[in-house]
């Protein structure tokens, strides 16, 4: 069942078009990614979904509601986490949760939520004294405190260190497992690949493709490359005889084999058959970055 | 709404500067200046009235309200707008207008606290009279406070940033304090300055406070100017206020 439907969304600002023509649907219970480079129109798109901006064209429906005319009803079913800091500096963690819980008719138990996002120990800490990761987790908790059906998370892990980023990812997966549909805005390929069930690739205000991460990568007719240093001399012909291999090249001690399909397995198997060990073995596969490059001719980051 | 008030009140009290400058300072000034002997001598320029009778406590009441309306209120609201606090609220079923209302209520309550302390401290320490026309005093106080807060709201609406808001507020506040008679009482002002004073909202507010303190009903013209200030500034503030 679809919970969000965006049709031909168009939004102009003075001097430029932020969103040219964006359409997508989000199904109930999935993590839907909106992925694209900075300035692609991702944030403007979700701001229109969240009723914070009025589109110049197209339609948006969230749980059957029109964000333009049913804002209050919309904000009961849609939780939003915005990009930047958005709380008074001196407010304590528990006060923020308690306050935001009071905005909703049937809020979640904020104490339990505080535990779940790992902020119980920071209960009495002022917002200004929280680390970047703690602020983001509080922000996620505030987006969830109204028991929304859909949560929009915008650039959730930007500016976080790798550990905080992984912790936040786990939190997002837990939230989805609790039955909340998530729209995740990101310019971060690894994040989209790890978390999203489906992704809309957006570039210059347009949707380039909507698919699963694997589906997007598969659209690139990408070659894989296997690179290694053989323990004994290896004949090109041995490798070229394999159906998966297209090309063999050498630089110094290293051999690079390009091809498709089950390339790495067949190459290592063939080498083993000749008692050759592939040292420093590296396998390069296509990524969402490659998919984006192939679909738009531009790099994601 | 109750919770916003509660949390915002706590945040104000956590900011020591707010309470010190808006409540403690005017009361301290009243007591310090009021204990200067010349202040308690009948002054022929005031028709034999003593400066501590109505001039000083009214000016300190004005100081407290001007500080709240022109520095505290604009600073908090402009900072909240700048940091996205109001925008964040607008993604919940609670309209950020409630936050605005909460700020107005809290500043009004702080102002009431200041005036109560001023009246009580003056009575107990300096032996000055309580306002002789209590009902009129309360009504004048509420009208004047509302007019000044509306002016502060307009500054919050127009200020480009959280840092600029109190600067703009202060640069409006000091001239207002001057024309209201903080340093040169209205009785001894040159005529031209007196005309400015009579249209400055703060000036009529000070006059009306002094009148009711002395037991007289205020000049209707004073009330009209304050009412006009309230209406005009409220309309402009609503017209120009931005949530983000």
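Among the residues of segment B:103-156, the ones that are assigned to a loop (DSSP other than H, G, I, E, B) and in contact (Cβ under 8 Å) with a residue 12 or more places away in the chain come to 5 in all.
Considering segment A:103-116, the residues that are surrounded by fewer than 18 Cβ atoms within 10 Å (Cβ to Cβ) and under 12 Å from residue B:92 (Cα atoms) include one that is farthest from the other protein chains (Cβ to nearest Cβ), namely A:107. For segment A:84-102, filtering for residues that are in contact (Cβ under 8 Å) with a residue 24 or more places away in the chain, under 29 Å from the mean Cα position of the chain (by Cα) and at the interface with another protein chain (Cβ under 7 Å from one of its Cβ atoms) leaves 5.
The set of residues in segment B:93-102 being free of Cβ contacts under 8 Å to residues at least 12 places away in the same chain and assigned to a helix (DSSP H, G or I) consists of B:97 alone. Restricted to segment B:1-92, the set of helices (runs of 4 or more DSSP H) holding at least 2 residues that are away from chain A (no Cβ under 14 Å) and closer than 20 Å to residue B:165 by Cα comprises B:55-67, B:73-83.
If you go through segment A:72-87 and keep only what is surrounded by 22 or more Cβ atoms within 10 Å (Cβ to Cβ) and either over 14 Å from residue A:152 (Cβ atoms) or at pLDDT 90 or above (or both), you end up with A:74, A:75, A:78, A:79, A:80, A:87. Checking each residue in segment A:250-272 for being in a strand (DSSP E or B) and touching a helix residue (DSSP H, G or I) at 6+ places or on another chain (Cβ under 9 Å) picks out A:250, A:255, A:257, A:259.
When segment A:174-195 is filtered for residues that are within 12 Å of the chain's Cα centre (by Cα), touching a residue at least 24 places away in the same chain (Cβ under 8 Å) and assigned to a helix (DSSP H, G or I), the ones remaining, listed by number, are A:189, A:191, A:192, A:193, A:194, A:195.
Considering only segment A:17-33, how many residues are surrounded by 20 or more Cβ atoms within 10 Å (Cβ to Cβ) and more than 15 Å from residue A:184 (Cβ to Cβ)? The qualifying residues number 3. For segment A:45-57, the candidate set comprises residues that are in contact (Cβ under 8 Å) with a residue 40 or more places away in the chain and surrounded by fewer than 22 Cβ atoms within 10 Å (Cβ to Cβ); within that set, the residue that is farthest from the other protein chains (Cβ to nearest Cβ) is A:57. Selection over segment A:142-162 of residues that are part of a helix (DSSP H, G or I) and touching a helix residue (DSSP H, G or I) at 6+ places or on another chain (Cβ under 8 Å) gives a count of 2.
The values are calculated or read from the model by the stated rules, or taken from the named source; none is laboratory data. All values reported here derive from a predicted model rather than from experimental measurement. Counting neighbours? That spans all protein chains shown, and the Cβs are built from the backbone with ideal geometry, glycine included.
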